[in-house]
Amino acid sequence: MIIDFFSAGFDVFSSPLALILTFTGIIVGLVVGAMPGLGPLMGIILLLPVAIGLPAVAAMGFLIAIFVGGSCGGSISAILLRIPGTPLAAATLYDGFPLAQKGRASDAIGIAITSSAIGGLIGGIVLVFCAPILANFASNFAPPEYAMLAIMGLFAIVVISGGSVIKGLLAGSFGLIISTIGTDSFSTGLRFTFGSHNLLNGFHIVAVVVGLFAISEMTFQMLKRDLLEIPKVKVARPGLRTISMTLKHYVNLVRSSAIGTFFGAIPGAGGVISSFTSYAVAKASSKPGEKYGEGEEGGVVATESANNATVGGTLVPTLSLGIPGDASSAMLLGALLILGFIPGPAMFENNPDVVGGIFMVYLLSNVFLLIAGILATPLFVYVLRIPKVYLIPSILLLCSIGTFALQASVFDLQVMFAFGLIGLLFRAANYPLAPVVIGMILGPILEANFRRSLLISREGYWIFLDRPVSASLVTINALLILAMIYITIRRMRES
Amino acid sequence: MTASRFLSVLALGFFVAVIIAVVWQIETNFKEQGIASGGPYDNAASFPRAVVFLIGFLVLIQCALDFIGTNSSSKLKIPARSDLMRAGIMLFIFAVYLSVLETIGYHLATIPMIFSIMWICGMRNLTLLICTAVFVSTSFAFVFEVFLNVVLPLGIWTIFIPW
């Protein structure tokens, strides 16, 4: 069965365009990951308008490679500058920076890249084996199961991702409301269009996401006073010997990758939780004489293998169920939808070439990460020296052209700017942005399946409890609600 | 009122505005179209109505939490006035850029936008400012127009570079 996917996807995967874009995606991912304030999500958002004009597998290869490269790139600035390029690399600081202080910056970066690549490959193996099994299981799902699954995806992200549960739910609900704008697919009535033909299909998700994340981030960057500063970074040149240095920690590598993949597969958990957990586990299982926190190679191996293995894990529910694991995979899911594919069991059945192609570009991107990461590290170090004064207008311009290029529409630019202001308000008031995107993507799935369930039901809402899988999901959702109440009460008591 | 409390009230006000807009639309436009009630097939208002009910409930809880002082944004570090001004001017320049883009075209609008944002970032080297603005604007246009076949806004004077 797995071989079928690989053989079906080999042709689209092996096209020169797909291979070149996967390699380019790794370079772009490493660059955006290394730059503090950007990261894989921002990289995917900024280049989504470029990707959606390409063939499906080439586009997904490009975006997945940005995700893979971006998840690793943050370690470069964490090790050299003591500033994690992304939150994913925050745990890498503990041992990466002390290693650099000992004069072993090149080794630390080499170990981080090798661990990321191997962790990503282990996550990829899990993806290749588990996603078809999960999709096969989900092929028996009917509208009630999908409706409950969509609610579970939204709740899980709010519960696990930290921060205020109420604010997370409010942000997610806002995403759900945004998703209802446009023509209703059942009654063909117009909802919240305010007489504008631009709103007949709702807001373009890329315009919304670019505004929410990129415009608000650039505005926050403008508040800082280091806009003209050129960070002082020494050139690091990791060699191939760092591969053998990493492989010496094989137990740590496999264990941390397994932790990363597991957390990746749970919607909402993501790379930050997995990297800190695997670091804690590695520290707890350390041998006498290993000093974690003072420049231990094992610390870098644990965090970096875990956060890249998370990428493979997060693609499992994204591809097989259509439920994104985090904001980055939500963007990948959005890209697939724009490209005309609906992730879920039907995609595994009807488009095995695309599924197989995605499996292969994901595995290849981790191989490219190892090659490009080790050979091109001096380039990424040079990128770290670019002052923000050049980056901010360039990113704003990329946002504008990219959003305009979607439909050659000035309205999309206005939407982008308006959501930039909303993103600013949300960030300033400590509302998470990821649930808005998840809500926007899960909204149509939830509404359509909820209404379909009621249409086929003879007993109204009891249909959700009549079916065993749906009833199980209702139970999980009830438990998640209890968890939200518990978290809120606990925080009230703490404060 | 502290800045964090003000932002919290502003955000909650935003959600209240969303509720009002949704309810108003359901009561007017949806009813006119005949999609505000009925069974699951015809009732296009059922889902938005349920979501705004949830938003309303959550806003009330958040208000209560803010009232009793459980406010996670209370640790907000307020930026200096000059930093706020810089970010505000950047947003203003960007808004002006987006509003004139279609009228005066990509090339005439983009170069001043990049120049102005770099200026407010503190760069004062005129040669570097002009060269960077022209280089960034032109290189982005080249990539999008040549490789991605995007026709950037030409403006009323139909300005384009024949690559």
Completion exercise
Diffing the range A:247-264: the Karplus 3J(HN,Hα) column from phi (6.51, -1.76, 1.60, θ = phi - 60°), in whole Hz with x for Gly and Pro, holds 5, 5, 9, 4, 5, 4, 4, 5, 5, 5, 5, 5, 4, x, 5, 4, 5, x
Handout entry: Helical contribution to [θ] at 222 nm, DSSP H n ≥ 4, -39,500 (n - 2.57), averaged over chain B, rounded to 500
Key = -21500 deg cm²/dmol
Problem - Principal axis box of the range A:316-379, alpha-carbon based, largest edge first, Å - result: 43, 24, 19
Exercise for the section: Grab every C-alpha pair in the range B:3-75, bin the distances at 5 angstrom width from 0 up to the longest one, and report whole percents. Expected result: 3, 16, 21, 18, 13, 10, 8, 6, 4, 1
Practice task
Provide, for q = 0.12, 0.14, 0.19, 0.20 Å⁻¹, the log10 of I(q)/I(0) from a solvent-free Debye sum over equal Cα point scatterers in the range A:346-418.
Solution key: -0.71, -0.87, -0.90, -0.88
Problem - Karplus-derived HN-Hα couplings along the range A:179-192 (A = 6.51, B = -1.76, C = 1.60, θ = phi - 60°), whole Hz, x at Gly and Pro - result: 5, 8, 5, x, 7, 5, 6, 8, 8, 6, x, 9, 10, 6
Fill in the blank from the handout: Using the Kirkwood radius over Cα pairs of chain B, the Stokes-Einstein translational diffusion coefficient at 4 °C and 1.567 mPa s, in µm²/s and rounded to a whole number, is 63 µm²/s
Problem - trypsin sites (Lys or Arg not before Pro) within the range A:382-486, DSSP loop, no more than 14 other Cβ atoms inside 10 Å - result: A:Arg385, A:Arg458
Fill in the blank from the handout: Dividing the helical contributions, -39500 (n - 2.57) per DSSP H run of n ≥ 4, by the residues of chain A yields a 222 nm value, nearest 500 deg cm²/dmol, of -24000 deg cm²/dmol
Exercise for the section: Write out the trypsin sites (Lys or Arg not before Pro) in the range A:15-116 meeting two conditions: DSSP loop, and at most 15 other Cβ atoms within 10 Å of their Cβ. Expected result: A:Arg82, A:Lys102
Exercise for the section: Return P(r) of the range A:364-495 (all Cα-Cα pairs; 5 Å bins starting at 0; whole %; ordered from short to long distances). Expected result: 2, 7, 7, 10, 12, 12, 11, 12, 13, 8, 3, 2, 1, 0
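Taking the Cα centre of the protein assembly as shown as the origin, how large is its charge dipole in debye, to the nearest 20, when only Lys and Arg (+1) and Asp and Glu (-1) carry charge on their Cβ atoms?
Approximately 1880 debye in magnitude.
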Handout entry: Average beta carbon contacts from partner chains per residue of A:215-225, 10 Å cutoff
Key = 5
Exercise for the section: Would you work out if the range B:81-147 is rounded, prolate or oblate? Take a ≥ b ≥ c from the square roots of the eigenvalues of the alpha-carbon gyration tensor; rounded if a/c is under 1.5, else prolate when a/b is larger than b/c, oblate otherwise. Expected result: oblate
Exercise for the section: Select from A:Ile487, A:Pro387, A:Val469 the residue farthest towards the positive end of the dipole of the range A:367-495; place +1 on Cβ of Lys and Arg, -1 on Cβ of Asp and Glu, and compute about the Cα centre. Expected result: A:Ile487
Exercise for the section: Take the eigenvalues of the Cα gyration tensor for the protein assembly as shown, scale each by 5, and report the square roots as semi-axes in whole Å, largest first. Expected result: 36, 32, 26
Handout entry: Test item: Cα-centred dipole of the range B:3-75, Lys/Arg +1 and Asp/Glu -1 on Cβ, debye
Key = 280 debye
Fill in the blank from the handout: Sequence order, the range A:403-420: Karplus ³J(HN,Hα) from phi using 6.51 cos²θ - 1.76 cosθ + 1.60, θ = phi - 60°, Hz rounded, Gly and Pro as x, gives 5, 4, 5, 4, 9, 6, 10, 6, 4, 4, 5, 5, 4, 4, 5, 4, 6, x
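Give me the dipole magnitude in Debye, nearest 20, for chain B about the Cα centre, with unit charges on the beta carbon: positive for Lys and Arg, negative for Asp and Glu.
660 debye
Given a cut-off of under 8 Å on Cα pairs at least six residues apart, what relative contact order in percent is computed for the range A:217-352? Show your work: numbers first, answer last.
Numbers: 167 pairs, mean separation 32.5, N = 136.
RCO, the range A:217-352: 24 percent.
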Practice task
Enter the Cα centre distance for the pair the range A:244-264 and the range A:375-416, rounded to the nearest angstrom.
Solution key: 34 Å
Completion exercise
Partner shielding of A:401-408, taken as the mean number of other chain Cβ atoms within 10 Å, equals 5
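Just order A:39-48, A:345-354, B:112-121, A:53-62 by mean Cβ neighbour count inside 10 Å, highest at the front, would you? Don't jump to the answer; show the numbers that get you there.
Working: A:39-48: 26.2, A:345-354: 18.2, B:112-121: 21.2, A:53-62: 23.8.
Descending mean neighbour count gives A:39-48, A:53-62, B:112-121, A:345-354.
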Practice task
Work out the mean other chain Cβ neighbour count within 10 Å for the residues of A:387-396 and drop it here as an integer.
Solution key: 6
Handout entry: Burial order of peptide ranges A:133-146, A:399-412 (average beta-carbon count within 10 Å, highest first)
Key = A:399-412, A:133-146
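Which of the residue pairs A:Lys232/B:Lys77; A:Lys167/A:Lys291; A:Lys224/A:Lys248; A:Lys102/A:Lys283; A:Lys102/B:Lys77; A:Lys283/B:Lys77 have a Cα-Cα distance greater than 31 Å in the structure shown?
A:Lys167/A:Lys291; A:Lys224/A:Lys248; A:Lys102/B:Lys77; A:Lys283/B:Lys77
The numbers here are math on the coordinates, done by the rules we state, and not lab data. Because the structure is a prediction, the values reported are computed rather than measured. When we count neighbours, we look across all protein chains shown, and the Cβ atoms used for this are built from the backbone with ideal geometry, even at glycine.
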